[in-house]
Amino acid sequence: MADAPTPDPIRYQLRFPAPQTHYVEVEATVPTGGQPAVELMMAVWTPGSYLVREYARHVEAVTARTATGGALAVEKCAKNRWRVATGGEPQVRVSYRVYGREMAVRTNWIDASFALVNGAPTFLTLAGDHQRPHEVAITLPEGWQESVTTLPALAGGPHQYVAPDYDALVDSPIVLGNPVTHRFTVEGTPVALVNVGDTSLFDGARAAKDLEAIVREHRRFWGAMPYERYLFFNVITEAGGGLEHLDSSVLMTSRWATRTKKAYAAWLQLASHEHFHAWNVKRLRPVELGPFDYERENPTRGLWVAEGITDYYGDLGVRRAGLIDQATYLEGLSEQITALQTTPGREVQPVDQASFDAWIRHYRPDENSPNVAISYYVKGHVLAWLLDMRIRQVTSGATSLEDVMREAYRLYAGPRGFTQAEFQSVAETVAGISLADFWERGVSGSAELDYEPALTLLGLRFKPEEPAKPGAPKEAPKAYLGLTTRVDAGRLLVSQVRRGTPAWGTGLNVDDELIAIDDIRVLADQLDARLEQYVPGQRVRVLVARRGRLERVEVTLGQAPAATWKLEVDPKATEAQRTRLAEWLNAPAPTA
């Protein structure tokens, strides 16, 4: 049986006649199949960033004409769709402009110095017909030398590319300008760090060398490269964030990111996280994350696997690559545990529900979010560590979560993906035991997590409070309201009230202006100092202005919670525990 013929491509021409105005002009030659009308659509979200973004709001001046220049009627028929009356023409030329001035990894940024062009907020395509090729030709502004993307180049001239389908087009960002590229290879596979923006202070050579170590560690972890080449797009613009793609990632960072130990470690961990996604998410994914519906939400309960486990191994990969020390790694893990354990929403929202609700909660937080929700990144990261330790414990170190991920990849990487039950089944097969209790408590439930088995396995502990020095007076416990504040035009305003705190129970509200405690004025920078004058259990009167009206609220002060979630090696750890800790934190030596 003969293969079906490849459908005619949609061909785009991108022009930037005045990039300082932040516009790209797009002309699309669209095959119609002779239909009297076609509908064009723009995606409303970008895969990997789970929120409807409404990209069509940046599209303007949509017009259409025939190949000979005759005008055609265009009607906007939905928030992200346009209907073009073709008059039976075999192809039509559709022109429009896109405004791009949002410095984010999922959107477009265009200015006089460079452009980051993402597929979802740029290209109109035929609605319901995403399998045809999409060709892109780019006319660079004067002074710009390069366009860089993972899309295959077309013969016939520079800056011309082809995506085999719309999914690949959306998954292939394009950087234009004069980037500085640092190239290296891992096991014969070409990889590059593409720096764009203010590259003058960012140590690109050092960063590329360290990225090579991370890529090698990920290659060891998975056993093979999933791509033919890979690009790290590093946008140096004092912004933040990262987004994974099939064969690339977009990172945003500061020009100072390589100047301090903490900032550089954070950049390496971000890059490691996004690169690990080349396996986990882009090829091994929950079933709901593909084929994508680009016009509405695609909810899944598996983001704790997709993002949380990736976050765990992203950080651990930097440690195993030898780029951060043990103390720095444990400090980062401690921060994840602290973030979870100080979020009241951990007792309300299970992590699988947090995954499912990402579209309406995670990217739309408000002042009450910590009371009712958790981050699937944070809890997923902590759960990954606990699951890893559980498997290592029950198998005496013979297997680990690494084996789960590799086996899941073997079984489910590809067009179908895995269900949550299938992922649990793989974990249980590797562990050799039922993990129903782990899933019921940690994944689909909101019970408190039990850290003790993991701590005991590795010879770790949560650092106890420092004892008072001999002869020194015992430090008095600190009084605590349980709210956070912000300063607005000199006013001290409540910005958040945590559930279960004194402020919550007595009715202090978000946006209350704190004026006085016991009728003595509290200035915007004095709240902490004022609370030091009180002790837990003492009752005070707080004067607030609430929507312009003065009110007094009586509050019984609580005791500030101790910082009890900092991991450290237990001084009493045995040699066996210290060995297990080292085996976990260090990549295995390569075999001969």
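Whether any residue in segment 403-422 is under 17 Å from residue 445 (Cα atoms) and in contact with a Phe, Trp or Tyr (Cβ under 7 Å, 6 or more places away or on another chain) is what I want to check.
No, segment 403-422 contains no residue that is under 17 Å from residue 445 (Cα atoms) and in contact with a Phe, Trp or Tyr (Cβ under 7 Å, 6 or more places away or on another chain).
Taking residue 369, is it within 25 Å of residue 575 (Cα to Cα) and either out of contact with any Phe, Trp or Tyr (no Cβ under 9 Å at 6 or more places or on another chain) or among the aromatic types (Phe, Trp, Tyr) (or both)?
no
Could you check segment 158-213 and list, in sequence order, the residues that are within 23 Å of the chain's Cα centre (by Cα) and assigned to a strand (DSSP E or B)?
Within segment 158-213, 174, 175, 191, 192, 193, 194, 195, 196, 197 qualify.
Out of 259, 216, 255, I need the residue that is in a helix (DSSP H, G or I) and charged (D, E, K, R). Which one?
Answer to the selection: 216.
Please go through segment 161-199 and give me each residue that is closer than 17 Å to residue 132 by Cβ and not hydrophobic (A, V, I, L, M, F, W, C), ordered by number.
Result: 161, 164, 165, 166, 167, 171, 172.
Return the residues of segment 1-26 that are surrounded by fewer than 16 Cβ atoms within 10 Å (Cβ to Cβ), among the acidic types (Asp, Glu) and under 23 Å from residue 97 (Cβ atoms); say none if nothing qualifies.
Result: no residue meets the conditions.
Just one of (1) assigned to a loop (DSSP other than H, G, I, E, B); (2) surrounded by fewer than 20 Cβ atoms within 10 Å (Cβ to Cβ); (3) in contact (Cβ under 8 Å) with a residue 40 or more places away in the chain; (4) not small (Gly, Ala, Ser) trips up residue 328, so point out which.
Looking at each condition in turn, residue 328 falls short on (1).
Residues that are in contact (Cβ under 8 Å) with a residue 60 or more places away in the chain, in the same structural domain as residue 323 (by TED's automatic domain parsing) and closer than 30 Å to residue 316 by Cα: which strands (runs of 3 or more DSSP E) entirely in segment 475-586 hold 3 or more of them?
By residue number, 567-569.
List every residue pair whose Cβ atoms sit under 7 Å apart, with the two residues 6 or more apart in sequence or on different chains, where the first one lies in segment 200-217 and is more than 15 Å from residue 263 (Cα to Cα) and the second, anywhere, is hydroxyl-bearing (Ser, Thr, Tyr) and at pLDDT 95 or above.
Qualifying pairs under 7 Å: 214/272.
Is at least one residue of segment 116-129 among the hydrophobic types (A, V, I, L, M, F, W, C), closer than 30 Å to residue 71 by Cβ and not in a loop (DSSP other than H, G, I, E, B)?
yes
Check off (1) in contact with a Ser or Thr (Cβ under 9 Å, 6 or more places away or on another chain); (2) under 22 Å from residue 562 (Cα atoms) for residue 460 and give me the number that stays unchecked.
(1)
If a residue must be over 31 Å from the mean Cα position of the chain (by Cα) and outside any strand (DSSP E or B), how many such residues does segment 134-155 contain?
5
Please determine, by comparing only the residues of segment 387-410 that are touching a Leu at 6+ places or on another chain (Cβ under 7 Å) and under 20 Å from residue 579 (Cβ atoms), which one is surrounded by the fewest Cβ atoms within 10 Å (Cβ to Cβ).
So, considering only residues that are touching a Leu at 6+ places or on another chain (Cβ under 7 Å) and under 20 Å from residue 579 (Cβ atoms), the one surrounded by the fewest Cβ atoms within 10 Å (Cβ to Cβ) is 393.
Any idea which of 391, 337 is of a type in the set (Val, Ile, Thr), within 22 Å of residue 452 (Cα to Cα) and within 19 Å of the chain's Cα centre (by Cα)?
Being of a type in the set (Val, Ile, Thr), within 22 Å of residue 452 (Cα to Cα) and within 19 Å of the chain's Cα centre (by Cα) holds for just one of 391, 337, which is 337.
Do the conditions hold for residue 233, that is, is it out of contact with any helix residue (DSSP H, G or I) (no Cβ under 8 Å at 6 or more places or on another chain), in a loop (DSSP other than H, G, I, E, B), of a type in the set (Phe, Trp, Tyr) and modelled with pLDDT of 95 or more?
no
For residue 275, indicate whether it is on the phi < 0 side of the Ramachandran plot and assigned to a loop (DSSP other than H, G, I, E, B).
Considered against the rule, which asks whether it is on the phi < 0 side of the Ramachandran plot and assigned to a loop (DSSP other than H, G, I, E, B), residue 275 comes out as no.
If you check residue 472 against the conditions, is it more than 30 Å from residue 289 (Cβ to Cβ), surrounded by 17 or more Cβ atoms within 10 Å (Cβ to Cβ) and modelled with pLDDT under 95?
Here the answer is no, as residue 472 does not meet what is asked.
What tally of residues in segment 481-509 results from selecting those that are surrounded by fewer than 16 Cβ atoms within 10 Å (Cβ to Cβ) and touching a Ser or Thr at 6+ places or on another chain (Cβ under 7 Å)?
So the count comes out to 3.
In segment 104-142, what residues are under 24 Å from residue 239 (Cβ atoms) and either without any contact (Cβ under 8 Å) to a residue 12 or more places away in the chain or of a type in the set (Asp, Glu) (or both)?
Hit for segment 104-142 is 111, nothing else.
Looking at (1) in contact with a strand residue (DSSP E or B) (Cβ under 6 Å, 6 or more places away or on another chain); (2) modelled with pLDDT under 95, can you tell me which one residue 240 breaks?
That leaves (2) as the condition not met.
If I ask for residues that are aliphatic (A, V, I, L, M), closer than 30 Å to residue 479 by Cα, more than 33 Å from the chain's Cα centre (by Cα) and surrounded by 14 or more Cβ atoms within 10 Å (Cβ to Cβ), which ones from segment 548-592 would you list?
553, 555, 557
The values are calculated or read from the model by the stated rules, or taken from the named source; none is laboratory data. Computed from a prediction, not measured in an experiment: that's the story for all the values here. With ideal geometry, Cβ positions are generated from the backbone for all residues, glycine too; neighbour counts draw on all protein chains shown.
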